[in-house]
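Report on the following structure.
Every number here is computed from the coordinates shown, using simple stated rules; none is lab data. Because the structure is predicted, anything quoted here is derived from the model rather than measured. Glycine also receives a Cβ, built like all others from the backbone with ideal geometry; neighbour counts cover every protein chain displayed.
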Amino acid sequence: MDFSFDEDQLAIRELAYQIFTDRATDEFLLNFSRTDATYDTELWSTLAEQGLLGISAPESVGGSGLGFTELCLILEEQGRRVAPVPLHATLVLGGLPIQQFGTAAQQQEWLAPLVAGQAKFTAAVAELGMNAALATEVTVSKSDDGWVLNGEKAVVPDAMAADFVLVPALDAAGRHSVFVVSTAAPGVSRKPEQIGLLGERAAHLSLTDVSLGEFALLGSVGQGEEIIDWLEQHANVAHCALQVGVAEEAMKRTAAYLGERQQFGVPLGTFQALAMRMADSYIDVEAMRSTYWLALWRLSEGLDARAEVRAAKWWACDAAHRVVCTSQHLHGGIGADVEYPIHRFFLWAKQIGYSLGNASTQLDKLGKLLAEDDSLGFRALEV
């Protein structure tokens, strides 16, 4: 297992760092937060122009043909700047399944505009982290020339900006299949949901007699559970990438603040209690990074990563909560100011921590995995 990055990966990370740092400054984000805009369209265009939207897309559709690791490096840099663009929804929830399970024609149809920044995607999979009683269902029936979808999906991430949504649907035989649905199709409606901590970025999706052609089916009939399981693992690891960026930057900003702010004529950072809390934050960030890298490596190598993904996401939820709470606390009164930069990191960390299942959800699913297969507990012997 080699966690060192090659020259191309380092160059991609540096480019992403430069783009996000130049654009998503604290001053810009403050002014942006005072507008009604949800996403930074100029930053989105820049990411497309520099080829970062297509970093993992096949070269046949205009992408770079690189891997999941390179995509996660970009997400880490987005997290450091808490930049308001729907990268996770479009590139991970939408783009990755189409790359993995789509035909060459489907990839050309949907990934080419994604790479060019002309189309945004998401997936209606929020129920994976919700209470079963809150989950909604979409049903599908066969028509003469394709499919007809009916039903609802709640809390679809970034759906108000999406041009296409990947929708799992249940047929009369009890099989799940995944369909790519245009949000402009007749019978499709979206309603903003005020559930997210970051504003109206999610939507309630309603489908009423939505007619789709055969082309809209991703993969094969009944392959839905496989696709969604594959997607959930990659989406959770991508969340970990974002969370590492968010938490590490919050920690660094707090350390800098404690080195500058003085009390009784000495820097706050010299106080033992505060220094110990910062040390705990450092340990938490490094634990998040190491578990995330292990899960990322196993997924990238095509290895079974179910337990590692759950463990990494648990750390991304639980440890990040401690890090950003410490950051706010050690900033004193200004840490609670909603317009002060550190508050954005708190909101992002909490939003990520609740997406696709919080710490308790991940722990519960990890426990079930270990109960079903006790060999997973000895995975370290393989490395």
> When each pair of different Cα atoms in the stretch 126-221 is counted once in the 1/r mean, what is the Kirkwood radius in angstroms, to one decimal?
Replying inline: 13.7 Å
> Is the chain best put as rounded, prolate or oblate by its Cα gyration tensor, with a ≥ b ≥ c the root eigenvalues, rounded for a/c under 1.5, and otherwise prolate when a/b is larger than b/c, oblate when not?
Replying inline: prolate
> Given charges of +1 on the Cβ of Lys and Arg and -1 on the Cβ of Asp and Glu, with all other atoms neutral, how large is the dipole of the stretch 126-221 about its Cα centre, in debye to the nearest 20?
Replying inline: 160 debye
> Taking the Cα centre of the stretch 7-119 as origin and charging only Cβ (+1 Lys, Arg; -1 Asp, Glu), how large is the dipole, in debye to the nearest 20?
Replying inline: 260 debye
> Put a dot 7 Å past each Cα toward the Cβ at Ala336 and Asn150; how far apart are the dots in nm?
Replying inline: 5.1 nm
>> As an exercise, identify the GluC sites (Glu not before Pro) in the stretch 300-383 lying in DSSP coil whose Cβ has no more than 12 other Cβ atoms within 10 Å.
In response: Glu301, Glu339
>> What distance in nm lies between label points placed 7 Å from Cα along the C-beta direction at Glu49 and Ser33?
In response: 2.7 nm
>> Under a Cβ-only charge scheme (Lys and Arg +1, Asp and Glu -1), can you give me the dipole magnitude of the chain about the Cα centre, in debye to the nearest 20?
In response: 1020 debye
> Residue-wise, which Karplus ³J(HN,Hα) couplings in Hz belong to the stretch 280-290, taking 6.51 cos²θ - 1.76 cosθ + 1.60, θ = phi - 60°, and x for glycine or proline?
Replying inline: 4, 5, 4, 4, 4, 5, 5, 5, 4, 5, 5
> How much mean residue ellipticity at 222 nm does the chain get from its helices, if each DSSP H run of length 4 or more adds -39500 (n - 2.57) and you divide by all residues, to the nearest 500 deg cm²/dmol?
Replying inline: -16000 deg cm²/dmol
> How do His88, His343 line up, fewest other C-beta atoms within 10 Å first?
Replying inline: His343, His88
>> Give me a comma-separated list of calculated 3J(HN,Hα) values for the stretch 81-97, in order, Karplus coefficients 6.51, -1.76, 1.60 applied at θ = phi - 60°, integers in Hz, x for any Gly or Pro.
In response: 10, 6, 6, x, 9, x, 5, 4, 5, 6, 7, 9, 5, x, x, 4, x
> Translational D (Stokes-Einstein, µm²/s) of the stretch 230-336 at 37 °C and 0.692 mPa s when Rh comes from the Kirkwood sum over C-alpha pairs?
Replying inline: 224 µm²/s
> Can you work out ³J(HN,Hα) from phi for every residue in the stretch 363-373, in order, using Karplus 6.51 cos²θ - 1.76 cosθ + 1.60 and θ = phi - 60°, giving whole Hz and x for Gly and Pro?
Replying inline: 5, 5, 5, 5, x, 5, 4, 5, 5, 6, 9
> Across the chain, where is the longest run that never hits chymotrypsin sites (Phe, Trp or Tyr not before Pro) in a DSSP loop with at most 12 other C-beta atoms within 10 Å?
Replying inline: 4-263
>> Can you find, among Cys317, Leu347, Thr254, the residue sitting farthest towards the positive end of the charge dipole of the stretch 225-382, where Lys and Arg contribute +1 and Asp and Glu -1 at Cβ?
In response: Thr254
